[in-house]
Amino acid sequence: MKQLDKNNIISYKIFIKKLLDEIQNLKLTSQNVMSKKSFQIEKDDDIKQLNKLLFILNSNKMITANDIDIINKLKNKWETRKDVSSITNESTDDTETTETENENDTETDNENENENENDNDIRESYKKINPNLTDKEIDDLIINGTSVVDLRNDMNGGGKIFRNPDKRYRSPNFKTSKRPFSPSPKRKDYEKKAVRKSDGHSRCTFILPNTNQRCKILLGIYPQFCHLHTMLIENLVISKSKIKNAGNGLFAGPHGFKKGMIIGEYSKPWMEVSAGRLETRNGKKDTNYSYVYCDEQHRGQKEKDVKCWDGLDARSTIIRNANDAHGSKFKNNAYFDNRKDSKGNVHAYMIASKNIGAFQEIYCDYNAESYWGE
């Protein structure tokens, strides 16, 4: 791999993505070098560090000279890891290694030719599906391992929810600790108990599957996973909204969202409350409907039995952080849609109404008059 081009910020992104891919695919071939547990811990720590730098670059900010040194040190470190692994394997049988060296050289040449042919074929396939793709965008698709089928599905929306190309960050391939407590909106003291900001001590619930070690990063304003693991698992980021005086907003992660994709679910089970209970919850006091979303009233259903979800508590769902662009200079790029699962249960999803680029803010059409319990 070439060294970083200090004059081109795009090269930093591609370089880091390639390095991440190399580290993720590297496996320990001999425990004579180090234990598998130590090896995996090193991988996870370095991947987390590189993802932080990638996040900075994708936020259109420049990394420092010290960051560049860190990247190059990590590159050299993992190049050494590969060398040590190969030397360890070769030393077990010098005769066998000598006999296969020429064969391996020939195979490598053939593989390089095949890789170039395959690369051109893949690029042509991408172009057929989306002729507007730039060379950089195609590079990113190849680096991320996006298949032609995945690209076609993305172009068509397909109502799919985000799944990280790295399978380690796809449920159920990882473990979690117990979700931080969120009071039931059925409680009469719910509005007093609902948390509006970080408690300063709750930790990320993500558990590394190979080591059973829980992430040490604090949740902050995030409901279940820290900012890094939320970005990896849900492709979402909370940051200051571009709408003046709107507080925090919800942003797409590094992968963005294609039109028609599910951004996230608002209707978590612990948020559920009936419309009737909402009206009587506070007794004589007015109920706070700021984060209440209700299902439509179905034929034969009483109004008080309509199902609603209250996201007043900051730990209820990350989707609550999306702002409506109505009245601002921005335009909405998402909307809510109620969908039934195979068991007939209703789920309220936020859907991308247009393509949303990496780290762009998500603005949702709340359509308060029709949907929100106000």
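The values are calculated or read from the model by the stated rules, or taken from the named source; none is laboratory data. Remember, it's a predicted structure, so these values are computed and weren't measured experimentally. Cβ placement follows ideal geometry from the backbone for every residue including glycine, while neighbour counts extend to all protein chains displayed.
Every residue, every condition in (1) free of Cβ contacts under 8 Å to residues at least 60 places away in the same chain; (2) of a type in the set (Asp, Glu); (3) closer than 21 Å to Ala325 by Cβ; (4) touching a Pro at 6+ places or on another chain (Cβ under 6 Å), yes or no:
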{"residue": "Gln224", "(1), (2), (3), (4)": "no, no, no, no"}
{"residue": "Ile233", "(1), (2), (3), (4)": "no, no, no, no"}
{"residue": "Val237", "(1), (2), (3), (4)": "no, no, yes, no"}
{"residue": "Lys242", "(1), (2), (3), (4)": "no, no, yes, no"}
{"residue": "Gly253", "(1), (2), (3), (4)": "no, no, yes, no"}
{"residue": "Gly256", "(1), (2), (3), (4)": "no, no, yes, no"}
{"residue": "Lys259", "(1), (2), (3), (4)": "no, no, yes, no"}
{"residue": "Pro269", "(1), (2), (3), (4)": "yes, no, no, no"}
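Screening Tyr289, Tyr335, Tyr349, Tyr293 for residues that are surrounded by fewer than 18 Cβ atoms within 10 Å (Cβ to Cβ), outside any helix (DSSP H, G or I) and either among the hydrophobic types (A, V, I, L, M, F, W, C) or touching a strand residue (DSSP E or B) at 6+ places or on another chain (Cβ under 6 Å) (or both) leaves exactly one candidate, Tyr335.
Take the residues in region 172-207 that are touching an Asp or Glu at 6+ places or on another chain (Cβ under 6 Å) and aliphatic (A, V, I, L, M); name whichever of them is farthest from Arg281 (Cα to Cα). This residue is Val195.
Let's see how each residue does on (1) at pLDDT below 95; (2) in contact with a Gly (Cβ under 7 Å, 6 or more places away or on another chain); (3) among the hydroxyl-bearing types (Ser, Thr, Tyr):
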residue: Met271; (1), (2), (3): no, yes, no
residue: Glu279; (1), (2), (3): yes, no, no
residue: Ser290; (1), (2), (3): yes, no, yes
residue: Gln301; (1), (2), (3): yes, no, no
residue: Thr317; (1), (2), (3): no, yes, yes
residue: Arg320; (1), (2), (3): no, yes, no
residue: His326; (1), (2), (3): yes, no, no
residue: Val346; (1), (2), (3): yes, no, no
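From the list Arg299, Arg320, Arg315, the lone residue that is crowded, with 22+ Cβ neighbours inside 10 Å, free of Cβ contacts under 8 Å to residues at least 60 places away in the same chain and not in a strand (DSSP E or B) is Arg320. Test Ile263 against the stated conditions and say whether it is surrounded by fewer than 20 Cβ atoms within 10 Å (Cβ to Cβ), at negative phi and β-branched (Val, Ile, Thr). Taking the combined requirement at face value, the residue does not satisfy it. Test Val306 against the stated conditions and say whether it is in contact (Cβ under 8 Å) with a residue 12 or more places away in the chain, surrounded by 21 or more Cβ atoms within 10 Å (Cβ to Cβ) and not small (Gly, Ala, Ser). It is false that Val306 is in contact (Cβ under 8 Å) with a residue 12 or more places away in the chain, surrounded by 21 or more Cβ atoms within 10 Å (Cβ to Cβ) and not small (Gly, Ala, Ser). In region 102-221, counting only helices (runs of 4 or more DSSP H) that sit wholly within it, none holds 3 or more residues that are exposed (fewer than 11 other Cβ atoms within 10 Å of the Cβ) and modelled with pLDDT of 65 or more. Close contacts from region 178-205, counting a first residue that is closer than 11 Å to Leu312 by Cα and a second that is among the β-branched types (Val, Ile, Thr) and surrounded by 14 or more Cβ atoms within 10 Å (Cβ to Cβ), with Cβ to Cβ under 6 Å and a gap of 6+ residues or different chains, come to Pro185/Val273.
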